[in-house]
1. Got a number for residues in the stretch 144-156 being modelled with pLDDT of 80 or more, under 26 Å from Arg176 (Cα atoms) and of a type in the set (S, T, N, Q)?
2. Which one of these is surrounded by 15 or more Cβ atoms within 10 Å (Cβ to Cβ), of a type in the set (S, T, N, Q) and free of Cβ contacts under 8 Å to residues at least 40 places away in the same chain: Thr105, Thr81, Thr59?
3. Of everything in the stretch 49-83 that's touching a strand residue (DSSP E or B) at 6+ places or on another chain (Cβ under 7 Å) and polar (S, T, N, Q), which residue is farthest from Arg174 (Cα to Cα)?
4. Would you mind telling me which numbered condition in (1) surrounded by fewer than 16 Cβ atoms within 10 Å (Cβ to Cβ); (2) farther than 30 Å from Ala126 by Cβ Leu50 fails?
5. Can you tell me which residue in the stretch 164-184 is modelled with the lowest pLDDT, limited to those that are loosely packed, with under 14 Cβ neighbours inside 10 Å and outside any strand (DSSP E or B)?
Amino acid sequence: MSITETVAVVLLAVSPVAMPTQSQEPKSSVREFVSVSGIVERVDRSTRTLTLRTSSNTTEVITVAPEVKLFDELKTGDRVTVRQSQSVIVAVRPGTKPSLPVDTTAAATSRDPSGRSEVLQQLKAAVTVERVDRSKGLIVYKTSDNQRAMRTVVDPRLLEGLNAGDVIEITYTRERAVDLQRAR
């Protein structure tokens, strides 16, 4: 999965059509635990990663923490639900142009003074908001390479004050999976 596809799977959007007059304070959803369910396509024991098929055309690679023992029992075809930590920061930045995702993982892990960062990936991108449906927690956005996506937003605070045409800078941080269960 490319970085652009990864951002499209998990992020919100931005656009330069109707620029706000001032920057808004960044909104963040800090260390939220999200669940992902799917069918195991691949288990890589050396890197402790699972490739899950979450829909007919979407896979997600998830790194599992060493203390999660069920990982060692999994095989291709198993149905699982994985719980992982993620955070999202959304900031309206007047004058910002939509951009392709930039991998800022190295900077995120270097900020951890203990040297034991659990950050697996951090991406930053600017996207264009096309539509916001606060009642359903949905956002439609366009990336700088003109791909449209509609995403559900777990934390409704991230949608507050967003309007079609806003340019939004999104920072998405993903950490190791903290829980793994067989689906029933």
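The values are calculated or read from the model by the stated rules, or taken from the named source; none is laboratory data. In this text, all values refer to a predicted model and were calculated from it rather than measured experimentally. Cβ atoms come from the backbone with ideal geometry, glycine included; neighbour counts cover every protein chain shown.
1. Number satisfying all stated conditions: 0.
2. Values: Thr81 fails: free of Cβ contacts under 8 Å to residues at least 40 places away in the same chain; Thr59 fails: free of Cβ contacts under 8 Å to residues at least 40 places away in the same chain.
One residue alone meets the criteria, Thr105.
3. The initial filter retains those residues of the stretch 49-83 that are touching a strand residue (DSSP E or B) at 6+ places or on another chain (Cβ under 7 Å), namely 49-54, 59-65, 68, 70-71, 74-83.
Imposing the further condition that a residue be polar (S, T, N, Q) reduces the set to 49, 51, 54, 59, 63, 76, 81.
Working: Thr49: 14, Thr51: 15, Thr54: 17, Thr59: 16, Thr63: 10, Thr76: 24, Thr81: 16 Å.
Selected residue: Thr76.
4. Every condition holds for Leu50 apart from (1).
5. From the stretch 164-184, those loosely packed, with under 14 Cβ neighbours inside 10 Å are 182-184; that's our starting set.
Subsequent filtering for residues that are outside any strand (DSSP E or B) retains 183-184.
Working: Ala183: 81, Arg184: 73.
Residue satisfying both the conditions and the ranking: Arg184.
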